[in-house]
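A quick write-up on the structure given underneath.
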Amino acid sequence: MATLSTEAPLRSVFGGAMIIGGTIIGAGMFSLPVVMSGAWFFWSVAALVFTWFCMLHSGLMILEANLNYPIGSSFNTVTRDLLGKGWNRLNGLTIAFVLYILTYAYISASGSVIQHTMREMSVNVSPRLGGLLTALAVAFIVWLSTRAVSRMTAIVLGAKIIAFFLTFGSLLWHVKPVNLLNSVEINPSYMPYVLATLPFCLASFGYHGNVPSLMKYYGKNPQVIKKCLLLGTLMALGLYIIWMLGTMGNIPRPAFIGIAERGGNIDVLVQSLSQILNSEGLDLLLTLFSNFAVACSFLGVTLGLFDYLADLFKFDDSKTGRFKTALVTFIPPMIGGVMVPDGFIYAIGFAGLAATVWAVIVPALMARKSRKRFGSPRYRVWGGNKMIALVLFFGVLNAVVHILSSVDLLPVYR
């Protein structure tokens, strides 16, 4: 009977892939063209593919370790048992920091997007109020259940994909090779700016807090969860590449300097695209897409934070227990969103640094320790110690890059 209790009813891979894809594909993608404008299109695609590969495998390493523990065990439980109290404290701090700061980033992003949307309808709504109302709506959905998040994410992601292809069908139609190939600039330099993009790429592939949530949803079924991670992350990679093609093929490279100087928030990029293409219909589609993008990431990230905090504070899954978890999940970032509504780009950058620890380095260490203790009886990530070493290298590289960027030792495209 104990074995049977580890299995959940058969459920479609589609729902889990939507949770992963919806978590990844969101407001963070709007930062990519701005921070990658120095490296430009081809080097940026290379950075995205490398990041996708490493982040997919670090997520699979979390799955490998998590399968040796009861369903519902999150990072707090697994890390403490495998790596000890010291790593657990560091991991806990970085998880809380990343998920809280991403929740704050999406409150900030939703505020600017709603302000831009309402402005198009001649209604004045402050970013603070827009972000607060969105946070309350997401809190209600997450409080209901993981199934409610999955269904809502599937609906919003479906609408977002439709808006995406309508929008970027128009964008791709207007792509100019002179922009994409940056033919105007004489002897442009790209490689010096590639390293600085990595923490933003890392933050844009963050879904790792949802791996324990998928185990609660599917049971101990590693092959199904593996398919969810693969399909969700591949979906994100494909859409990111199309997004980079659509933006960099329409906005000249030097124009991104002005976008960055204006804060680089979502509404600034949308306005720049609308002005260049001079199309009211495209402006409407961009506005709809940005709203759906924020909603998708908001739902996925807060679900991961919700489940982590429930495990940390041992809140049960009753309505009362979920209400307590919802309070500690949403109140701190909502306060931040009200006090500082324009911190989107900065929040994404710092999330990349902290995510290096818990979404890359710690999963690799957990997989190594788990194999020594349990032998990985249910599932083992391919590649052996070489794959663990590659993921660790990727994590350390991101940490070094962010530190160098913070002290102005890496070139910035200005």
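A few remarks follow.
- Out of A135, A148, one residue alone is of a type in the set (A, V, I, L, M, F, W, C) and either surrounded by 18 or more Cβ atoms within 10 Å (Cβ to Cβ) or under 28 Å from M366 (Cα atoms) (or both). It is A135.
- Residue in the range 71-110 that is farthest from V357 (Cα to Cα), counting only those that are among the aromatic types (F, W, Y) and surrounded by fewer than 24 Cβ atoms within 10 Å (Cβ to Cβ): Y100
- Taking the criterion of being without any contact (Cβ under 8 Å) to a residue 60 or more places away in the chain and open to solvent by less than 20 Å² (accessible area, probe 1.4 Å), no residue of the range 353-373 qualifies.
- Test result for F315, surrounded by 24 or more Cβ atoms within 10 Å (Cβ to Cβ), at negative phi and either touching a Phe, Trp or Tyr at 6+ places or on another chain (Cβ under 9 Å) or among the hydrophobic types (A, V, I, L, M, F, W, C) (or both): no
- A count restricted to the range 374-399 and to residues that are among the hydrophobic types (A, V, I, L, M, F, W, C) and loosely packed, with under 15 Cβ neighbours inside 10 Å stands at 4.
- The residues of the range 67-103 include none that are closer than 18 Å to A399 by Cβ and in a loop (DSSP other than H, G, I, E, B).
- Once the range 249-271 is narrowed to residues that are more than 23 Å from N291 (Cα to Cα) and outside any helix (DSSP H, G or I), the residue that is most open to solvent (accessible area, probe 1.4 Å) is P254.
- Residues of the range 57-104 satisfying the condition of being touching a Gly at 6+ places or on another chain (Cβ under 9 Å) and of a type in the set (K, R): R80
- From the options S274, S290, S297, residue that is free of Cβ contacts under 8 Å to residues at least 24 places away in the same chain and either of a type in the set (S, T, N, Q) or not in a helix (DSSP H, G or I) (or both): S274
The values are calculated or read from the model by the stated rules, or taken from the named source; none is laboratory data. Fair warning: this is a prediction, and the values are worked out from it, not measured in the lab. For neighbour counting, all protein chains shown are included, and Cβ atoms are generated from backbone atoms with ideal geometry for every residue, glycine included. The accessibility values were calculated without ligands, DNA or RNA, using every heavy atom of the protein model including side chains. Shrake-Rupley method; radii C 1.70, N 1.55, O 1.52, S 1.80 Å.
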